[in-house]
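Enquirer: Here it is: the structure, laid out below.
Quick note: the coordinates plus some simple rules give every number you see, no bench work behind them. Keep in mind that this is a model prediction, so the values were computed, not measured. Methodologically, a virtual Cβ is constructed for each residue, glycine included, from the backbone with ideal geometry; neighbour enumeration extends over all protein chains shown.
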Amino acid sequence: MTLEDMEVAISNLSPKELDKLMAWLEEYYAQVWDKQIDDDANSGRLDNLLADVDKEYNSGLSKSL
């Protein structure tokens, strides 16, 4: 199925079906995002960023909520 096929199919959905699709897409996107963050954290790609955050927090430049 091509992107154009999906666009045609989506344009033919009823409002209720479109709502269900949007809810599914939002949940799916959240899962993809969470996996990317986990993968980045596990690979060490976030180590420098997290070290900078720790430095700022420990030096008083930020505060916890």
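Enquirer: On a C-alpha basis, how far is the centre of the stretch 35-65 from the centre of the stretch 1-15 in Å? Whole number, if you could?
Expert: Centre-to-centre (Cα) distance: 40 Å.
Enquirer: Let me ask something else about it. Students often forget the sequence filter, so: which aspartates and glutamates lie under 12 Å Cα-Cα from Lys63 once same-chain residues fewer than 8 apart are removed?
Expert: Cross-link targets: Asp54.
Enquirer: Let me ask you something else. With a 10 Å cut-off between alpha carbons and a GNM built on the chain, which of Lys20, Lys55, Lys35 moves the most?
Expert: The residue with the greatest mean-square fluctuation here is Lys55.
Enquirer: Would you work out the Kirkwood radius for the chain? I mean one over the mean of 1/r across all pairs of different Cα atoms, in Å. All intermediate terms of the calculation are to be shown ahead of the outcome.
Expert: Numbers: mean 1/r = 0.0646 Å⁻¹.
One over the average 1/r among Cα pairs gives 15.5 Å for the chain.
Enquirer: Could you state the angle between the C-alpha long axis of helix 15-43 and the longest principal axis of the C-alpha atoms of the chain, as a value from 0 to 90 degrees rounded to the nearest 10?
Expert: Long axis of 15-43 versus the principal axis of the chain: about 30 degrees.
Enquirer: Find out how many positive minus negative residues lie around Asp19, taking Lys and Arg as positive, Asp and Glu as negative, among other residues whose Cβ is under 14 Å from that of Asp19. Write down the numbers at each step before the final one.
Expert: Values: positive: Lys16, Lys20; negative: Glu17, Glu26, Glu27.
Counting the neighbours of Asp19, the net charge comes to -1.
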